[in-house]
Each structure stands twice: as C-alpha cells, then as structure tokens.
C-alpha cells in the first residue's frame, strides 16, 4: 500500500468510525460498519457496508428510511474528510449479521 493510500484509508476509517458511533445511538438494530476499496480505482471502487443484527432489523431500518439517514451521514462524513463519492446508492450497501454468518460458514 502506498503512503497516499494509507492516508486515504485512515481518513475513511476515522469518518466511518464517527458514522458508526452515531448510528449505534440513532438507528435501531444497527451493529457495525465496514468498507472495501481498491486504491487503484479509488474513489469509484469504495464500497461501504452497514450491518444490522438481523434481517428483520434491516427490513425495519429500510421501511423507516434509516437507510437514507445512513447514506447522508456517510456521504457527509466522507466529504468532511475530503473524500468525494458521487452516488451513495452505488457505494453504500446494507446487510445483516445473519447473512454474513451464512456466507462465512459457506467459505469454511
């Protein structure tokens, strides 16, 4: 990883930690946030995943528009860190721990 990539990674990590702290207080069922990125294609390759405890929690968050709240929050925090991503519908995704556990089980 290049030095500039490390700086970007750190900025993303700090911004998403702030999002996580707020979301844990504001969004029922929200558990954690993660991201994936290929720095050779950044910022277009950035994917942010908001993870909820259960599929039911995720469905509830979507029905109460907490997904919009999280997309806006993520975009604003990344923007404040000078990371400009065009369309949060493309780079912000939602999932549940239940789904992650099934996927992890299939890999082993």
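The values are calculated or read from the model by the stated rules, or taken from the named source; none is laboratory data. What you see is a predicted model, and the numbers here were worked out from it, not measured in a lab. Virtual Cβ from ideal backbone geometry, glycine too; neighbours counted across all protein chains shown.
At a glance:
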| quantity | calculated |
| --- | --- |
| Output for the stretch 84-98, where each listed residue is closer than 21 Å to residue 11 by Cα and surrounded by 11 or more Cβ atoms within 10 Å (Cβ to Cβ) | 85, 88, 90, 91, 92, 93 |
| Residue within the stretch 72-82 that is at pLDDT 90 or above, exposed (fewer than 12 other Cβ atoms within 10 Å of the Cβ), over 16 Å from residue 32 (Cβ atoms) and within 16 Å of the chain's Cα centre (by Cα) present | no |
| Scope the stretch 1-21; condition more than 15 Å from the chain's Cα centre (by Cα) and assigned to a helix (DSSP H, G or I); matching residues | 3, 4, 5, 6, 7, 8 |
| Candidate set: the stretch 38-67, residues that are at pLDDT below 95 and surrounded by 15 or more Cβ atoms within 10 Å (Cβ to Cβ); chosen: the one farthest from residue 1 (Cα to Cα) | 43 |
